[in-house]
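> A single structure is presented below for examination.
The values are calculated or read from the model by the stated rules, or taken from the named source; none is laboratory data. Remember, it's a predicted structure, so these values are computed and weren't measured experimentally. When we count neighbours, we look across all protein chains shown, and the Cβ atoms used for this are built from the backbone with ideal geometry, even at glycine. Areas reflect the complete protein model, heavy atoms only, side chains present, ligands, DNA and RNA absent. Shrake-Rupley method; radii C 1.70, N 1.55, O 1.52, S 1.80 Å.
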Amino acid sequence: MTFSILGRCARTGMFGLVVTTSSPAVGSRCGYVAAGVGAALTQNRTDPRLGPLAIDLLKRDYTAKQAIAAIVAATPYHRWRQLACIDRLGETAAFTGASVKPEHNEAHGLNCVSIANIVRSTEVPEAMVRAFENDQSAPLPIRLLEALEAGERAGSEFVPLVSAALLVSHEHAFPYVDLRVDSDAQPIARLRALWQEYQPMADLYVTRAIDPDSL
C-alpha cells in the first residue's frame with residue numbers, strides 16, 4: 001500500500017525520493033539517500049535493513065542492478081519485498097516479490113524509477129515517471145513532489161493515505177531536505193506545503209552547518 005519514486009538531478013547531482021502510504025511513519029522506514037552515491041527504497045512488508053544495505057553496496061561501486069540482484073539473492077523473504085535503487089550514474093533497478101499483492105508495478109525513466117504496490121491502478125508508476133521527466137530544469141524537490149501528486153491522480157491507494165516523506169541529498173553527509181508528514185488526512189498536500197515553508201531556508205541551513213562564520 002505504498003507508491004514512491006527515486007530521482008537524480010543531472011544538473012546538480014542531487015539524489016532524492018518521495019514516498020507515501022496509508023500507514024504511519026513511512027519516512028522512517030522506506031527511503032534512503034547518500035550524497036554522490038545514490039538512493040534506495042524498500043517497501044511492502046518493509047524490511048528497513050535493506051535500504052542501508054543497498055546504499056552500502058552502491059558505495060562499493062555496485063551498479064543499481066547489481067545491488068538489487070545481490071540483495072534479492074541474500075534475502076530469505078524477498079518474495080514479500082518491493083525494492084528500487086538508483087546509482088551515481090542515474091541507472092535504475094527494481095524488484096517486486098511474488099507475494100506482493102496487486103495492483104503493483106514499476107516504471108523506469110531518465111534518472112528515475114518508481115514503484116507501487118496495492119494501488120488502484122498499474123498506471124501509478126508510469127504517471128509518476130512522466131511527471132518527474134516533464135521539467136528537468138526544475139529543482140529536484142519540486143520534480144519529486146509533482147511525481148507524487150501525479151501518482152495520487154493516477155489512482156493512489158484503496159484506503160486513505162496518512163503519511164508521506166521527501167528526502168534529498170546533495171553534497172554533504174546530512175540531508176539537504178528531510179521532511180515527513182504523519183497522521184494527516186492530506187499528507188501529499190501537506191508535504192508540498194512543508195517544502196514551500198522550508199525551501200527559503202534550505203540553503204541557509206547548509207551554510208550554518210559548513211560555514212557559520214560567513215553569516
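> Would it be correct to say that Arg192 is of a type in the set (D, E, K, R), within 20 Å of Cys9 (Cβ to Cβ) and part of a helix (DSSP H, G or I)?
On the way: of a type in the set (D, E, K, R): yes; within 20 Å of Cys9 (Cβ to Cβ): yes; part of a helix (DSSP H, G or I): yes.
Yes, satisfied.
> Test each condition in (1) in a loop (DSSP other than H, G, I, E, B); (2) touching a residue at least 60 places away in the same chain (Cβ under 8 Å); (3) at negative phi; (4) not charged (D, E, K, R) for Leu89 and report the one that comes out false.
(2)
> Something else: Give just the number: which of (1) under 23 Å from Phe132 (Cα atoms); (2) within 16 Å of the chain's Cα centre (by Cα); (3) outside any loop (DSSP other than H, G, I, E, B) does Lys65 not satisfy?
(2)
> Identify the residue in the range 26-79 that is of a type in the set (Lys, Arg) and more than 23 Å from Tyr176 (Cβ to Cβ) and, among all such residues, is most open to solvent (accessible area, probe 1.4 Å). I'd like the intermediate steps shown before the answer.
Residues of the range 26-79 that are of a type in the set (Lys, Arg), as a first pass: 29, 45, 49, 59-60, 65, 79.
With more than 23 Å from Tyr176 (Cβ to Cβ) added as a condition, the list becomes 45, 49, 60, 65, 79.
Numbers: Arg45: 143, Arg49: 177, Arg60: 153, Lys65: 125, Arg79: 103 Å².
Checking each candidate, the answer is Arg49.
> Moving to a separate point now. Would you say Ala84 is part of a loop (DSSP other than H, G, I, E, B) and open to solvent by less than 70 Å² (accessible area, probe 1.4 Å)?
Values: part of a loop (DSSP other than H, G, I, E, B): no; open to solvent by less than 70 Å² (accessible area, probe 1.4 Å): yes.
No; evaluated as a whole, the condition is false for this residue.
> Let me ask something additional. With the checklist (1) surrounded by 19 or more Cβ atoms within 10 Å (Cβ to Cβ); (2) not in a helix (DSSP H, G or I) in hand, flag the one item Val159 doesn't pass.
(1)
> Moving on. Considering only residues that are outside any helix (DSSP H, G or I) and of a type in the set (S, T, N, Q), which ones fall in the range 119-138? I'd like the intermediate steps shown before the answer.
From the range 119-138, those outside any helix (DSSP H, G or I) are 119-123, 135-138; that's our starting set.
Across the range 119-138, the qualifying residues are Ser121, Thr122, Gln136, Ser137.
> Continuing with this model, one more query. Can you confirm whether Ala131 is within 16 Å of the chain's Cα centre (by Cα) and modelled with pLDDT of 95 or more? So that I can check it myself, show each step before the final result.
Working: within 16 Å of the chain's Cα centre (by Cα): yes; modelled with pLDDT of 95 or more: yes.
When the stated conditions are applied, Ala131 passes them.
> Quick check, is Ala116 out of contact with any helix residue (DSSP H, G or I) (no Cβ under 7 Å at 6 or more places or on another chain) and not in a helix (DSSP H, G or I)? Let's see the steps before the verdict.
Numbers: out of contact with any helix residue (DSSP H, G or I) (no Cβ under 7 Å at 6 or more places or on another chain): no; not in a helix (DSSP H, G or I): yes.
Against the criterion (out of contact with any helix residue (DSSP H, G or I) (no Cβ under 7 Å at 6 or more places or on another chain) and not in a helix (DSSP H, G or I)), Ala116 does not qualify.
> Of the residues Thr20, Thr42, only one is assigned to a strand (DSSP E or B), touching a residue at least 60 places away in the same chain (Cβ under 8 Å) and within 14 Å of the chain's Cα centre (by Cα); which? Walk me through how you get there before you give the answer.
Working: Thr42 fails: touching a residue at least 60 places away in the same chain (Cβ under 8 Å).
Among Thr20, Thr42, only Thr20 is assigned to a strand (DSSP E or B), touching a residue at least 60 places away in the same chain (Cβ under 8 Å) and within 14 Å of the chain's Cα centre (by Cα).
> Considering (1) exposed (fewer than 15 other Cβ atoms within 10 Å of the Cβ); (2) farther than 16 Å from Gly7 by Cα, say which one His104 fails and leave the rest.
(1)
> Filter the range 182-191 down to residues that are touching a residue at least 24 places away in the same chain (Cβ under 8 Å) and in contact with a strand residue (DSSP E or B) (Cβ under 9 Å, 6 or more places away or on another chain), then give me how many there are.
6
> If you don't mind, another one. Give the residues of the range 92-101 that are in a loop (DSSP other than H, G, I, E, B), open to solvent by less than 90 Å² (accessible area, probe 1.4 Å) and in contact with a helix residue (DSSP H, G or I) (Cβ under 6 Å, 6 or more places away or on another chain), sorted by residue number. Reasoning before the result, please.
Of the range 92-101, the ones in a loop (DSSP other than H, G, I, E, B) are 97-101.
Now narrow it down to the ones that are open to solvent by less than 90 Å² (accessible area, probe 1.4 Å): 97, 99-100.
Correct list: Gly97, Ser99.
> In addition: Can you say whether Arg143 is under 23 Å from Gly36 (Cβ atoms), of a type in the set (Lys, Arg) and touching a Phe, Trp or Tyr at 6+ places or on another chain (Cβ under 9 Å), as far as the supplied structure shows?
Details: under 23 Å from Gly36 (Cβ atoms): yes; of a type in the set (Lys, Arg): yes; touching a Phe, Trp or Tyr at 6+ places or on another chain (Cβ under 9 Å): yes.
Yes.
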